[in-house]
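The values are calculated or read from the model by the stated rules, or taken from the named source; none is laboratory data. Because the structure is predicted, anything quoted here is derived from the model rather than measured. All Cβ positions, glycine included, derive from the backbone under ideal geometry; neighbour counts span all protein chains shown. Keep in mind that these areas ignore ligands, DNA and RNA; they rest on the heavy atoms of the full protein, side chains included. Shrake-Rupley method; radii C 1.70, N 1.55, O 1.52, S 1.80 Å.
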Amino acid sequence: MALFLSTYENRLDTKGRISIPAPFRTSVQSDKFPGIVLYRSFTNGCIAGLSMSRMEKMAAATDNMGVFDAELDDLSAMLFADARPLQFDVTGRVIIPADLLSHAGITDTAVFVGRGNSFEIWEPTAFKTAQEKSLTSLRKSRPSLVISNQ
């Protein structure tokens, strides 16, 4: 399973290409698709990203929803219809589509944020604001994480 950790900042070049952080590329290296899948986050003002195998697991999970379920319609429209499979070039770069960049407010610099089995791409200032909000929330709630010894 791909594991995305840490935070990296990269710039878009004049042709609109951006280098995907090397550890993120390594995380998807064993995947059958040599790239990443991006879509507009519907929970944050950023771009969501994951491996193709993770996207396939998400698609399989929708099999548990009712075929005529309104939530499935919404999810399919936002997640699968919006998803962009982007293959790495020889130097590990991709061109992020303009509508995704616009959604996240990214113009010249992007922050890649590991989220475990997925990642996000943010405009740097927006990410700092969101990160501070998350830290404040976590300090108040002090969540408990149970780790299995399997």
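Condition check ((1) modelled with pLDDT of 90 or more; (2) over 25 Å from Ala126 (Cα atoms); (3) aromatic (Phe, Trp, Tyr)) across all residues:
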site: Phe4; (1), (2), (3): yes, no, yes
site: Thr7; (1), (2), (3): yes, no, no
site: Gly16; (1), (2), (3): no, no, no
site: Pro34; (1), (2), (3): yes, yes, no
site: Tyr39; (1), (2), (3): yes, no, yes
site: Asp69; (1), (2), (3): no, yes, no
site: Ala77; (1), (2), (3): no, yes, no
site: Pro97; (1), (2), (3): yes, no, no
site: Thr107; (1), (2), (3): yes, no, no
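What single numbered condition from (1) outside any helix (DSSP H, G or I); (2) of a type in the set (D, E, K, R); (3) open to solvent by 70 Å² or more (accessible area, probe 1.4 Å); (4) without any contact (Cβ under 8 Å) to a residue 60 or more places away in the chain fails to hold for Glu9?
Glu9 satisfies every listed condition except (4).
Filter the range 41-67 down to the residues that are in contact with a strand residue (DSSP E or B) (Cβ under 9 Å, 6 or more places away or on another chain) and farther than 22 Å from Val28 by Cβ and list them by number.
Phe42, Gly45, listed by residue number.
Does the range 88-95 include one or more residues that are among the acidic types (Asp, Glu) and more than 25 Å from Ser134 (Cβ to Cβ)?
From the range 88-95, those among the acidic types (Asp, Glu) are 89; that's our starting set.
Restricting the remaining residues to those that are more than 25 Å from Ser134 (Cβ to Cβ) gives 89.
The answer is yes, given that some residue of the range 88-95 is among the acidic types (Asp, Glu) and more than 25 Å from Ser134 (Cβ to Cβ).
How many of the residues making up the range 94-123 are over 23 Å from Pro34 (Cβ atoms), among the acidic types (Asp, Glu) and buried (at least 20 other Cβ atoms within 10 Å of the Cβ)?
Residues that pass the stated criteria total 1.
Return yes or no: is Glu71 of a type in the set (Asp, Glu), over 27 Å from Gln131 (Cα atoms) and surrounded by 13 or more Cβ atoms within 10 Å (Cβ to Cβ)?
Values: of a type in the set (Asp, Glu): yes; over 27 Å from Gln131 (Cα atoms): yes; surrounded by 13 or more Cβ atoms within 10 Å (Cβ to Cβ): no.
Considered against the rule, which asks whether it is of a type in the set (Asp, Glu), over 27 Å from Gln131 (Cα atoms) and surrounded by 13 or more Cβ atoms within 10 Å (Cβ to Cβ), Glu71 comes out as no.
Only residues in the range 18-33 that are open to solvent by 30 Å² or more (accessible area, probe 1.4 Å) count as the first member; pair them with residues that are among the β-branched types (Val, Ile, Thr) and part of a loop (DSSP other than H, G, I, E, B), Cβ under 9 angstrom, at least 6 apart or cross-chain, and list the lot.
Ser19/Thr91
Could you run through the range 136-145 and say how many residues are loosely packed, with under 10 Cβ neighbours inside 10 Å and part of a helix (DSSP H, G or I)? So that I can check it myself, show each step before the final result.
Pass one, the range 136-145, residues loosely packed, with under 10 Cβ neighbours inside 10 Å: 139-145.
Narrowing further to those that are part of a helix (DSSP H, G or I): 139-141.
Selection size over the range 136-145: 3.
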